[in-house]
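The values are calculated or read from the model by the stated rules, or taken from the named source; none is laboratory data. Just so you know, these numbers come straight off a predicted model, no measurement behind them. Ideal geometry is used to build each Cβ from the backbone, glycine not excepted, and the neighbour counts take in all protein chains shown.
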Amino acid sequence: MERSTLTFAIAGALLAALGQVSFKWGATDRTALVEFVNPWILGGLLLYLGGTVAWILALSKTPLTVLYPFTALTYVLVYLLAVTLLGEGLSVRGLGGTVLVLMGLFLVAT
């Protein structure tokens, strides 16, 4: 896989993960539909858009079967960002699952 393709794939995963964190900040303690229209939700949508563009650029150079496993990287990044930025709990099971996902990504990518 070319370096630029790898960069786009990682950027897409990172932007999607940051979008999820932004969605969480924008959704916390809100119940009425109109409350979900706020800067955090809109920012999350923009982050997702950027991630989608990066993903499409990666897809333009790489077969989907090679690239798709990189979507698992989003899971790992969301877990790490939720623990660090949102103060969510770190667990042995969560860490174990994260390690397994990374091992699977490594096996498929190499």
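Any chance the stretch 36-49 includes a residue that's farther than 30 Å from Thr110 by Cα and at pLDDT below 95?
Yes, the conditions are met somewhere in the stretch 36-49.
Keeping to the stretch 53-89, report how many residues are touching a Phe, Trp or Tyr at 6+ places or on another chain (Cβ under 9 Å) and within 27 Å of Asp29 (Cα to Cα).
Going through the stretch 53-89 one residue at a time, the tally reaches 3.
Of all residues being part of a helix (DSSP H, G or I) and more than 13 Å from the chain's Cα centre (by Cα) in the stretch 1-23, which is modelled with the highest pLDDT? Just the residue, please.
Only one residue tops the list, namely Thr7.
Please specify each residue of the stretch 65-88 satisfying the condition of being in contact with a Leu (Cβ under 8 Å, 6 or more places away or on another chain) and not in a helix (DSSP H, G or I).
Of everything in the stretch 65-88, nothing turns out to be in contact with a Leu (Cβ under 8 Å, 6 or more places away or on another chain) and not in a helix (DSSP H, G or I).
Within the stretch 81-107, can you find the residues that are exposed (fewer than 14 other Cβ atoms within 10 Å of the Cβ), touching a residue at least 12 places away in the same chain (Cβ under 8 Å) and closer than 15 Å to Ala13 by Cβ?
Residue satisfying the conditions is Gly104 alone.
Kindly provide the set of residues from the stretch 29-41 that are surrounded by 12 or more Cβ atoms within 10 Å (Cβ to Cβ) and either closer than 21 Å to Leu18 by Cβ or among the hydroxyl-bearing types (Ser, Thr, Tyr) (or both), ordered by number.
Arg30, Phe36, Asn38, Trp40, Ile41, listed by residue number.
Test of understanding: among Thr98, Thr62, which residue is outside any helix (DSSP H, G or I) and either of a type in the set (Ser, Thr, Tyr) or modelled with pLDDT of 95 or more (or both)?
Only one candidate passes the filter, namely Thr62.
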